[in-house]
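Worksheet for the structure shown next.
The values are calculated or read from the model by the stated rules, or taken from the named source; none is laboratory data. Remember, it's a predicted structure, so these values are computed and weren't measured experimentally. Counting neighbours? That spans all protein chains shown, and the Cβs are built from the backbone with ideal geometry, glycine included.
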Amino acid sequence: METKVLDVGTEQLSACCSTSRLDAQLQDSVRLKTEGNAFYRDKKWRAAIGRYHHALLILRGLDSNVTSAIQAFGQQAPVLNSEQQELLRNTQVDCYNNLAACLLQRESIDYARVQEYSLRVLQWRPTDTKALYRAGVSTLELGDAQAARQYLLQASKSQPNDANVRRQLQRVEEKLSKDYQKEKALYKGMFTKEKQGGDMPEETVQKRV
């Protein structure tokens, strides 16, 4: 009987220690995110990016979407309660959103990376206005005006009077209009060449034959 009680106590102690360790890691990630925000306000983009990446690295080890894969190798993945899971996801969303914001402030903008971070947020928060806006901007810069239009239209639903969203939507419409005119001119040129070939004088046709 004593051994049985001791075993239960050991399991409870282990669970308590595990929870404390998880809480400590989550708080570390929140601290790093907060430090990143301070660097962002000071326009120290590189330092901010470093803090956000560090926070995400910690969270990656706790995310069930990532750690579930290690169970196949017999390793125990951390188990988060609902409050811990919510804190983890909210911190991830903030870090990815803020990373995209930092990249858009740099002289040489990596739009592919901005798009990647924004789409990660949208996987968890499909209606996140900031992520929709940045996904629209980056997608437009990468050449897909149609997809960019969809992101920006969704962003405008929650922010119909936002000047930045409206300006980017105007850029999208201008790009789509130019693309349409180019395509129209291309088909017109092809049609004209075909028509000229079909209207060739009979003498010319006979000579070619």
Since Glu83 meets every condition but one in (1) within 29 Å of Leu22 (Cα to Cα); (2) among the charged types (D, E, K, R); (3) at pLDDT 95 or above, which condition does it not meet? (3)
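Yes or no, residue by residue, for (1) over 25 Å from Thr34 (Cβ atoms); (2) crowded, with 20+ Cβ neighbours inside 10 Å; (3) acidic (Asp, Glu); (4) touching a residue at least 60 places away in the same chain (Cβ under 8 Å):
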site: Ser108; (1), (2), (3), (4): yes, no, no, no
site: Val114; (1), (2), (3), (4): no, yes, no, no
site: Thr129; (1), (2), (3), (4): no, no, no, no
site: Thr139; (1), (2), (3), (4): yes, yes, no, no
site: Asp162; (1), (2), (3), (4): yes, no, yes, no
site: Arg167; (1), (2), (3), (4): yes, no, no, no
